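Below you'll find the structure, written out as structure tokens, and then a few comments.
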Amino acid sequence: MGGHALILGLTGGYCAGKSSAAAALREAGWTVIDVDSLGHAALERSAAEVARLLGPGSLKADGGPDRRAIGAMVFADPALLERYEAIVHPAMNALVEESVRLAGDRACVDAAILYRLPIAAACDTIIEARAPLVLRLFRGRARDGLGWRAMLGRIRSQRPLRAAGEAWRGKTVVAWNALGEDGFKRRVVRLAGRAYRSSGA
């Protein structure tokens, strides 16, 4: 890799264990870049432009973006979602790239939508958390209190991400989360450590 720092990608579907994997990597000394948080920051920066697209209902009383209202608008309309992402994603991608530059020699980009982001091309290895559907549903029920139909809807909405991931199959390794959280975390840390050692970073 010519001596540059390792960039590890981390992704996974609804309730597959991505958050647990990120926590394990953070504990193991990785700098974990939470793209969801950076997306919130990018939305704050783009609030005025988003309001011009979506109307005043996208803002809270204090003038900040109302993420719940925005989500309800854009996820119900694929064309509107595309226009919204065209506003927010460039700012978010710039924040991701800046965070990676500042992260040191072990950067982990944690993103549910990783396969759709430009940073995926820069990742040396991508760890994808997966779990059996039944376990994901029970975890989602306990964590979010959603009904089965709502959870299955979330899972179905992520299918295009799996399809996009085919482009990165050569650099993706799967971490199965089926036999307990501790074992899963150890597996993720082992995979990350193996990638780091083989990179020569």
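The values are calculated or read from the model by the stated rules, or taken from the named source; none is laboratory data. Fair warning: this is a prediction, and the values are worked out from it, not measured in the lab. A quick note on method: Cβ atoms are made from the backbone with ideal geometry, for glycine too, and the neighbour counts reach across all protein chains shown.
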Just to be sure, is Val96 part of a helix (DSSP H, G or I), in contact with a Lys or Arg (Cβ under 9 Å, 6 or more places away or on another chain), buried (at least 17 other Cβ atoms within 10 Å of the Cβ) and at pLDDT 95 or above?
-> no
Run Tyr84 past the list (1) closer than 30 Å to Val173 by Cα; (2) surrounded by 14 or more Cβ atoms within 10 Å (Cβ to Cβ); (3) touching a residue at least 24 places away in the same chain (Cβ under 8 Å) and report the number of the one that doesn't hold.
-> (1)
Conditions: (1) closer than 24 Å to Ser19 by Cβ; (2) more than 16 Å from the chain's Cα centre (by Cα); (3) outside any loop (DSSP other than H, G, I, E, B). Glu85 meets all but one. Number of the miss?
-> (2)
Taking only the stretch 151-191 into account, find how many residues are in contact with a Leu (Cβ under 6 Å, 6 or more places away or on another chain) and either without any contact (Cβ under 8 Å) to a residue 24 or more places away in the chain or assigned to a helix (DSSP H, G or I) (or both).
-> 1
Out of (1) under 30 Å from Gly193 (Cα atoms); (2) hydrophobic (A, V, I, L, M, F, W, C); (3) out of contact with any Leu (no Cβ under 6 Å at 6 or more places or on another chain); (4) at pLDDT 95 or above, what's the single condition that is false for Leu53?
-> (1)
Ala103 versus (1) assigned to a loop (DSSP other than H, G, I, E, B); (2) under 26 Å from His40 (Cβ atoms); (3) touching a strand residue (DSSP E or B) at 6+ places or on another chain (Cβ under 9 Å); (4) modelled with pLDDT under 90: which is the lone unmet condition?
-> (4)
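Listed here are the residues, each with its yes/no results for (1) of a type in the set (Lys, Arg); (2) part of a loop (DSSP other than H, G, I, E, B); (3) surrounded by fewer than 18 Cβ atoms within 10 Å (Cβ to Cβ).
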position: Ser19; (1), (2), (3): no, no, yes
position: Ala22; (1), (2), (3): no, no, no
position: Ile33; (1), (2), (3): no, no, no
position: Asp36; (1), (2), (3): no, no, yes
position: Gly39; (1), (2), (3): no, no, no
position: Glu44; (1), (2), (3): no, no, yes
position: Val50; (1), (2), (3): no, no, no
position: Asp62; (1), (2), (3): no, yes, yes
position: Ala69; (1), (2), (3): no, no, yes
